[in-house]
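The structure under discussion appears below in the form of structure tokens.
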Ligand code: GCU
């Protein structure tokens with residue numbers, strides 16, 4: 001009898017888990033370009049309850065509570081009432097923000113935290129209202145006024161719920177169960193070389209749009225054309241035959257397109273000044289429908305490869321890059337403001353960069369938009385990192401979903417030229433299949449950008465390295481992570497390493513580098529000194545000068561960042577020290593070696 005109960009329990013549990021996974025996949029595309037909408041921010045202090053046993057969600061039989069969960073935000077109605085939680089007398093956490101750097105006791109915390117925000121809101125007549133989350137790490141289950149709205153997994157992409165008709169004039173309460181527990185089948189999986197910052201890490205907004213509104217759009221140059229602008233506009237609740245207008249005042253463009261089945265397609269001739277690092281020209285584009293109007297700043301550029309070279313707007317370009325984690329300068333923890341984005345980007349510019357690799361997950365929309373304004377090309381990727389479960393179909397669906405959400409959010413950003421589908425994944429048939437499918441998904445969604453992945457599978461042969469990973473077949477650009485002088489080989493030997501590429505495709509040295517504690521000085525063969533890192537950069541640059549198919553690089557990394565794999569307390573103190581700048585903004589000697597290479601050699 002007891003055994004029967006066990007089986008029943010396991011079946012119910014698996015059904016619950018599958019329901020959540022299924023639910024995520026069916027979510028609609030989020031509204032495009034949140035910034036230009038009528039939004040009410042919910043940022044600021046939220047009440048929170050730390051719930052390691054998920055007591056607010058599961059009952060003592062470990063079955064999800066239908067009622068009496070913390071999502072009801074209940075208050076005792078009489079002195080005898082038993083309510084064993086109270087948001088309003090518990091802790092407070094800042095949103096946006098990770099919880100780990102806000103409270104000493106949450107520094108290592110991984111698990112569930114309940115967030116609650118109370119607010120008044122006057123829903124507008126004939127409007128649809130969405131609650132829009134820019135990102136929550138990792139799993140979010142969202143409730144409004146005690147009613148479940150839905151859930152989302154993936155810590156770095158936006159999601160929304162329609163709350164029209166669910167809002168009251170006064171005392172609404174939005175409750176979010178946030179769980180950043182690491183799971184083997186998740187994306188990323190259980191081990192990453194970055195801190196698993198948990199929380200509502202990016203902003204939350206109430207978005208009010210007309211019933212019939214501009215939900216999504218794509219506007220860019222046709223592949224390999226610098227004079228044909230093409231795209232589409234999706235209207236929610238459109239009227240058949242409705243006409244939408246696309247206006248680009250500076251180009252004196254003003255055209256109309258008819259909506260069929262909710263979408264208006266268009267294509268027209270134009271001579272835009274092309275966006276490039278030297279002149280990051282953006283055009284004001286106004287899109288209007290009967291009831292709605294959206295404005296975006298869009299750049300037009302073409303990007304392609306020919307053999308092992310990149311061509312931006314038909315001109316060969318070398319990508320002078322740097323890798324960046326979404327670690328905030330000075331205060332550390334997740335980046336939460338435009339100012340912090342601009343500090344990181346200015347440092348990259350100071351280094352002489354025209355390119356950045358945003359590792360290992362989609363960074364904020366603000367980071368991408370600010371990079372675009374500053375004329376910095378972008379590699380954006382999803383956290384298919386190290387050894388995920390390549391033969392698990394839910395893991396694949398999760399990865400593909402994060403990919404789709406990333407591309408949907410940033411498809412109108414000229415600055416993004418590369419979609420990264422994986423980092424340092426071990427070769428296997430399941431892995432090749434998994435990544436091949438992701439690369440095909442990118443191509444189905446976006447024919448104008450390039451697909452890449454960062455590999456560490458280069459084979460060794462006499463005096464050199466060979467790029468022969470089968471994945472090279474499915475990507476347009478091959479990223480290589482190679483730590484000569486740090487994880488492999490001696491510094492002195494790096495300059496002499498020869499490289500071969502089995503593919504007639506560009507290679508980006510997507511990671512190279514070594515650690516140094518800022519301010520620690522000594523002999524150049526003494527690890528952790530600035531002199532060691534400096535010498536390592538000199539010899540690696542020497543090696544890279546001789547790689548004729550190398551079309552760019554993004555050394556690891558702009559700034560020291562927190563990682564729970566870095567325990568050498570006298571040096572690392574939980575930080576990966578491969579930054580060229582310390583987390584307190586102080587450049588190390590190697591910063592100037594790379595700067596010199598970018599400003600005086602590859603310009
Ligand atoms: C890897 C990995 C990075 C990591 C780096 C390091 O290549 O991609 O995420 O931080 O190496 O070891 O410093």
Helix-derived mean residue ellipticity, 222 nm - over the chain, DSSP H n ≥ 4, -39500 (n - 2.57), to 500: -6000 deg cm²/dmol
For the range 476-603: relative contact order, % (alpha-carbon pairs under 8 angstrom, 6 or more apart): 24 percent
Inter-label distance for residue 502 and residue 542, nm, one decimal - labels placed 7 Å from Cα along Cα-to-Cβ: 3.0 nm
Kirkwood Rh (inverse of mean 1/r, distinct Cα pairs), the chain, angstrom: 25.6 Å
Whole-number percent relative contact order across the chain, with pairs defined as alpha carbons under 8 Å at least 6 apart: 11 percent
Amide N proximity, the range 95-121 versus residue 58 label position 7 Å along Cα-to-Cβ, cut-off under 15 Å: 111-113
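When averaged across all projection directions, what area in nm² does the alpha-carbon convex hull of the range 164-226 cover?
For the Cα atoms of the range 164-226, the hull's average projected area reads 9.6 nm².
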Using a Förster distance of 30 Å, the FRET efficiency for residue 225-residue 290 (Cβ separation, nearest 0.05): 0.45
Gyration tensor (alpha-carbon) shape descriptor, the range 320-375, a/c threshold 1.5: rounded
Among 176-187, 427-438, the order from most to least packed when residues are scored by Cβ within 10 Å on average: 176-187, 427-438
Burial order of peptide ranges 49-57, 405-413, 455-463, 135-143 (average beta-carbon count within 10 Å, highest first): 135-143, 405-413, 49-57, 455-463
Residues of the range 471-515 with amide N under 15 Å of the 7 Å Cα→Cβ point at residue 525: 485-486, 489-494
Gyration tensor verdict on the range 519-560 (Cα atoms; rounded if a/c is under 1.5, prolate if a/b is larger than b/c, oblate otherwise): oblate
Added length on full extension, which subtracts the Cα-Cα distance from 0.36 nm per residue, residue 436 to residue 211: 77.0 nm
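Using the count of nearby Cβ atoms within 10 Å as a rough guide to exposure, how do 213, 60, 363 rank from fewest to most?
The fewest-first ordering by Cβ neighbours comes to 60, 213, 363.
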Spacing of the two label points (7 Å from each Cα toward its C-beta) at residue 256 and residue 125, in nm: 2.7 nm
Inter-centroid distance (Cα atoms) of the range 456-499 relative to the range 103-158, Å: 43 Å
Viscosity 1.306 mPa s, temperature 10 °C, Stokes-Einstein D of the range 348-436 from Kirkwood C-alpha radius, µm²/s: 114 µm²/s
Residues 80, 238 arranged by fewest to most Cβ contacts within 10 Å: 80, 238
The range 369-486: relative contact order in percent, alpha carbon pairs under 8 Å with at least 6 residues between: 25 percent
Residue exposure sequence - 46, 347 - by fewest surrounding Cβ within 10 Å: 347, 46
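Write down the percent of antiparallel bridges among all DSSP beta bridges whose residues are both part of the chain, to the nearest 5.
Counting DSSP beta bridges with both partners in the chain, the antiparallel share is about 70 percent.
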Label point at residue 90 placed 7 Å out along Cα→Cβ; residues across the range 27-62 whose backbone nitrogen lies under 17 Å: 45-60
Cα centroid separation, the range 208-287 to the range 291-346 (Å): 22 Å
Overall form of the range 88-166 per C-alpha gyration tensor (a/c, 1.5; a/b vs b/c): prolate
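Any read-out appearing in this document is the output of simple, stated calculations on the displayed coordinates, not a laboratory observation. Bear in mind that the values here come from a model prediction, so they are computed numbers and not experimental data. No Cβ is skipped: glycine too gets one built from the backbone with ideal geometry, and neighbour counts run over all protein chains shown.
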